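The values are calculated or read from the model by the stated rules, or taken from the named source; none is laboratory data. Just so it is clear, the model here is predicted, and its values are computed rather than measured. As a convention, Cβ positions derive from the backbone with ideal geometry for all residues, glycine included, and neighbour counts pool all protein chains shown.
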Ligand code: NFS
């Protein structure tokens, strides 16, 4: 069955050195036995360009690429490096960084636009497949778009017709991408002092598309040549992502598919079943995956699978699609970004259905070696390889499309070869901690606020809050930094909110269970988790759901006692294994929203030290958040903890923590 896809004699990855996960290690080794190359091998065979890595290669015109390497021994005195046009290292690095923000913001926001369009179809009742599932959420977001939820009739206030509200919200939401004047409606959801900062520095996004287009214009040859001014536009565009495209995506997905509430599932490639039709859904937009989930649960479809000799249908998610269907339906997470090829290499994947973002083109080559049908579904994301099937997904005939895809997978079950190898590793995991469900869990039904969380932060049981997010990167050992950073944080009583592939990594490691608190947490956090019955790592969804982190932080500010702005909170952000342009956009809107944010690996800014410094020190002066970088995961976590402690001190709550810890030690001494 296997076809050779790699050069004979090429250097191969060491499976154990490539990943901390045994399932991943086993499948890398299997791929190597079968002569199928994976990203892990390619990372060993191809070295990254040292100049590009530092952000100082400009290819924005045909006089270049101009490369401005740092002189050996660093810059002594004036930095005289320049490109043919005279562009400095700062300009070049800032341009490249800005284009990453633009691409990242575009990816999230175009995803959001697609959801808004589907929501419009649902509001217009043009589709049977999509309906408004969460009316409360619709009513909660309507006022933020200036849409009234009540009307006055003859002097009496009445609830407004839901269909009317939905239509108006759909119009207002879609308008955010291209409105001619004003600013994004959601900006005012931020704490007032933060909104004031954005007003003062002039970075409030006007509309989502415009800020992205303006980055492309400003970074064209010969336009913006002041890195500070370019950063200002990065801030505008990234805010248009975090408080715009991503936040609208999250909200409308919740309205259409339900706001997540805690539910239990499993994670890692061991969720695939040898005797089931296995369908992997990979990519990002739940608009597709929701329909696949619905279709695979239909009795007649399950019967069809049985008629073909399977015991049933097993779905598994990869990348953020995994997070979306995990948090709303408890569909198991088959793996992270770096495990996508491996899912096919099990030999048990009957179909892999992909939409947009984070999809390897090499999947097509791997699929060729097995019976796996690789199905692309999005008009903007096709593949050139001939074995790839394109079934275009459209909200107007979504269920029919989903049925076609699921039946194709079922029909393919019989074509499976005998060489199936599903690594027997999986962990249980609890997901579904939306802003609303955290409120419920920590505040109780009647309180419904973040008061309990604040209380535990103030009394020091919880030292602080960390948002740990982002991708895997084949340039570093798969999941190692994710897990080390998160474990170090919870060991030090920092509660972790996770999204994206970090969420999947934590799920695979068993950290998304309440039981893990007793094993891995410091005494304060362990006590809170035990009392409330939550995991120490709360899975808040996909990468567009980083907007939930912004709103959770805002709720903490609102609940009181921890300052007036996000930057006052004992809070830090982290992306230990980032790789995508979306991560840069997220990092920048975290920083611009007041969050101290540490990235792992490297940043494409190191070749322009002045610009690099600006992202840290000057951003902090303006917004209270700053960029930082640390590849070592333990140091990385401790930089976050040091920031959290600084904030505790500023808030005057540092003493409380010392008391709590002493209490605990005393208690342990007594027990001993
Ligand atoms: Ni985020 Fe999702 Fe994963 Fe990174 Fe890709 S899946 S949107 S970009 S790799 S976390």
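Looking for whichever is in contact with a strand residue (DSSP E or B) (Cβ under 6 Å, 6 or more places away or on another chain) and modelled with pLDDT of 95 or more here; the options are 160, 210, 124, 189. Which one fits? Working first, answer last.
Working: 210 fails: in contact with a strand residue (DSSP E or B) (Cβ under 6 Å, 6 or more places away or on another chain); 124 fails: in contact with a strand residue (DSSP E or B) (Cβ under 6 Å, 6 or more places away or on another chain); 189 fails: in contact with a strand residue (DSSP E or B) (Cβ under 6 Å, 6 or more places away or on another chain).
Answer to the selection: 160.
Those residues that are over 18 Å from residue 435 (Cα atoms), out of contact with any strand residue (DSSP E or B) (no Cβ under 9 Å at 6 or more places or on another chain) and surrounded by fewer than 24 Cβ atoms within 10 Å (Cβ to Cβ), I need them from the range 241-274; list them, please.
274 - this is the single residue of the range 241-274 that is over 18 Å from residue 435 (Cα atoms), out of contact with any strand residue (DSSP E or B) (no Cβ under 9 Å at 6 or more places or on another chain) and surrounded by fewer than 24 Cβ atoms within 10 Å (Cβ to Cβ).
Collect the residues in the range 357-377 that are in contact (Cβ under 8 Å) with a residue 60 or more places away in the chain and either in the same structural domain as residue 583 (by TED's automatic domain parsing) or not in a helix (DSSP H, G or I) (or both), keeping them in residue-number order.
357, 358, 359, 360, 369, 370, 371, 377
Which condition breaks for residue 348 when tested against (1) within 16 Å of the ligand (Cβ to nearest atom); (2) out of contact with any helix residue (DSSP H, G or I) (no Cβ under 8 Å at 6 or more places or on another chain)?
Of (1) within 16 Å of the ligand (Cβ to nearest atom); (2) out of contact with any helix residue (DSSP H, G or I) (no Cβ under 8 Å at 6 or more places or on another chain), only one is false for residue 348: (1).
Specify the residue that is nearest to the ligand (Cβ to nearest atom); the eligible residues are those in the range 557-572 that are outside any loop (DSSP other than H, G, I, E, B) and over 15 Å from residue 194 (Cβ atoms).
Keep residues of the range 557-572 that are outside any loop (DSSP other than H, G, I, E, B), which gives 557-559, 566-568, 571-572.
Still in the list and also over 15 Å from residue 194 (Cβ atoms): 559, 572.
Details: 559: 28, 572: 18 Å.
In this case the residue turns out to be 572.
Tell me which residues, restricted to the range 646-659, are in contact (Cβ under 8 Å) with a residue 24 or more places away in the chain and surrounded by fewer than 17 Cβ atoms within 10 Å (Cβ to Cβ). Step through it out loud before you land on a result.
Within the range 646-659, the first condition is being in contact (Cβ under 8 Å) with a residue 24 or more places away in the chain, and the residues that meet it are 647-648, 650-651, 653, 656-659.
If the condition is that a residue be in contact (Cβ under 8 Å) with a residue 24 or more places away in the chain and surrounded by fewer than 17 Cβ atoms within 10 Å (Cβ to Cβ), then 650, 656, 658, 659 are the ones that fit.
With 116, 129 as the choices, which residue is out of contact with any strand residue (DSSP E or B) (no Cβ under 6 Å at 6 or more places or on another chain) and more than 29 Å from residue 237 (Cβ to Cβ)? Give the derivation first.
Values: 116 fails: more than 29 Å from residue 237 (Cβ to Cβ).
129 is the lone residue from the list that is out of contact with any strand residue (DSSP E or B) (no Cβ under 6 Å at 6 or more places or on another chain) and more than 29 Å from residue 237 (Cβ to Cβ).
Could you tell me whether the range 387-402 includes any residue that is more than 17 Å from residue 288 (Cα to Cα), away from the ligand (no atom under 16 Å from the Cβ) and at pLDDT 95 or above? Let's see the steps before the verdict.
Step one: of the range 387-402, the residues more than 17 Å from residue 288 (Cα to Cα) are 387-388.
Retained after the next criterion (residues that are away from the ligand (no atom under 16 Å from the Cβ)): 387-388.
Imposing the further condition that a residue be at pLDDT 95 or above reduces the set to 387-388.
Checking the range 387-402: at least one residue is more than 17 Å from residue 288 (Cα to Cα), away from the ligand (no atom under 16 Å from the Cβ) and at pLDDT 95 or above.
Please give the helices (runs of 4 or more DSSP H) falling wholly within the range 459-535 in which 3 or more residues are in the same structural domain as residue 630 (by TED's automatic domain parsing) and away from the ligand (no atom under 16 Å from the Cβ).
Numbers: elements: 480-491, 500-508, 516-520, 523-532.
Hits in the range 459-535: 480-491, 516-520, 523-532.
(1) in contact (Cβ under 8 Å) with a residue 12 or more places away in the chain; (2) surrounded by fewer than 23 Cβ atoms within 10 Å (Cβ to Cβ); (3) within 32 Å of the chain's Cα centre (by Cα): which one isn't true of residue 82, the others all being true?
Just one mismatch for residue 82, condition (3).
Residues checked against (1) under 30 Å from residue 58 (Cα atoms); (2) within 13 Å of the ligand (Cβ to nearest atom); (3) crowded, with 24+ Cβ neighbours inside 10 Å:
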{"residue": "580", "(1), (2), (3)": "yes, yes, no"}
{"residue": "592", "(1), (2), (3)": "yes, no, yes"}
{"residue": "616", "(1), (2), (3)": "yes, no, no"}
{"residue": "622", "(1), (2), (3)": "yes, no, no"}
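Taking the stated definitions as given, is residue 442 assigned by TED's automatic domain parsing to the domain that holds residue 641 and more than 16 Å from the ligand (Cβ to nearest atom)?
On the way: assigned by TED's automatic domain parsing to the domain that holds residue 641: yes; more than 16 Å from the ligand (Cβ to nearest atom): yes.
In short, yes.
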